[in-house]
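The values are calculated or read from the model by the stated rules, or taken from the named source; none is laboratory data. These numbers were taken from a predicted model, which means no experiment stands behind them. Cβ sites come from the backbone with ideal geometry, for glycine too, and all protein chains shown count toward neighbours.
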Amino acid sequence: MPSAVTPARRRRTQPAAKPRGRVSRGPTPAAGGYLAQSATPWASLLFVLPLLVLHEVGVAWFGTLPPTAEHRVAAFALMARLFDAVGATAPYLPAAAVIAVLLAWHLGTPEAVRPGGWRVRPGVLVRMAVESVLWAVPLVGVYYACSPGGVQFVPAGDPKLLVAMYLGAGVYEEAVFRLASFAVLSLLLVDMGKLRPAVAVPIMVSTAAGLFSVYHIWGGVDWAWQAFVFTGLRGVFYGIIFIERGFGVTVGAHTAYDLAVLVLMSMR
């Protein structure tokens, strides 16, 4: 009797070991679901890369300046001047820097060495686009509600060129005021200042938002103070999205807002 029971116990326990073997192959970003995978730097890179390409092609195709000049987003020009200050000059260096930073960031994460860590389902990128639009909706609503007397700033030029410019504005402005600014502020406040994240993060978000607002009026545009405050609050909004949802969705929300406001301005 005991010898007859023992094989039966072995047969019951063997199938239970197989699922554990399948799970032990290592988690992938997809295993964490959409929220986990869409926040990774690799998914962000794949998401913003088409925006960079469309921006560069559009600026080159629809630009009407002489061959010695070109239309550029102010944040792009700022990055180019910083590189020029250290002796690095190349036409597309800011774009290459954004790509290189996101790629290096991904290489520094555990996902880079896990099976499937370089795989992003197309559906994730589509959902990131939809999420970006949803994040932009409240911003557009506040903008429209707070400008009953007309918009404070109306860009002039070829609509096709403006669309191309706005496709890159979100990428480069978020690269400067969230990606780079947060990295520098984190180094100063957390690594060197030894502040707790609960204290440092609000300072980082508000400081970057203030710089973001100043940047938008730096060119001498006569903005009302309400526009300055709204732009700062918009920077706070982007900072929170960046912390919670990553670089890609933040760029998407920024770009969706810019394009929506451009459409609203053209309808007035």
*Assess whether residue 101 counts as being at pLDDT 90 or above and closer than 26 Å to residue 249 by Cβ.*
yes
*Taking the stretch 73-123 as the region of interest, how many residues are out of contact with any Phe, Trp or Tyr (no Cβ under 6 Å at 6 or more places or on another chain), in contact (Cβ under 8 Å) with a residue 60 or more places away in the chain and not in a helix (DSSP H, G or I)?*
9
*asked:* Any residue at all in the stretch 212-225 that's part of a helix (DSSP H, G or I), at pLDDT below 95 and small (Gly, Ala, Ser)?
replied: yes
_Lone unmet requirement of (1) under 26 Å from residue 244 (Cβ atoms); (2) crowded, with 16+ Cβ neighbours inside 10 Å; (3) not acidic (Asp, Glu) for residue 107_ = (2)
*Kindly establish whether residue 177 is closer than 29 Å to residue 71 by Cβ and modelled with pLDDT under 95.*
no
*Mind checking which residues of the stretch 55-75 are small (Gly, Ala, Ser), modelled with pLDDT of 90 or more and out of contact with any Leu (no Cβ under 7 Å at 6 or more places or on another chain)?*
75
*Collect the residues in the stretch 159-213 that are closer than 24 Å to residue 97 by Cβ and among the hydroxyl-bearing types (Ser, Thr, Tyr), keeping them in residue-number order.*
166, 172, 181, 186, 207, 213
*Got a sec? Which of 163, 249, 171 is aliphatic (A, V, I, L, M), closer than 21 Å to residue 125 by Cβ, modelled with pLDDT under 95 and assigned to a helix (DSSP H, G or I)?*
163
_Test: residue 260 is at pLDDT 95 or above and crowded, with 17+ Cβ neighbours inside 10 Å_ = no
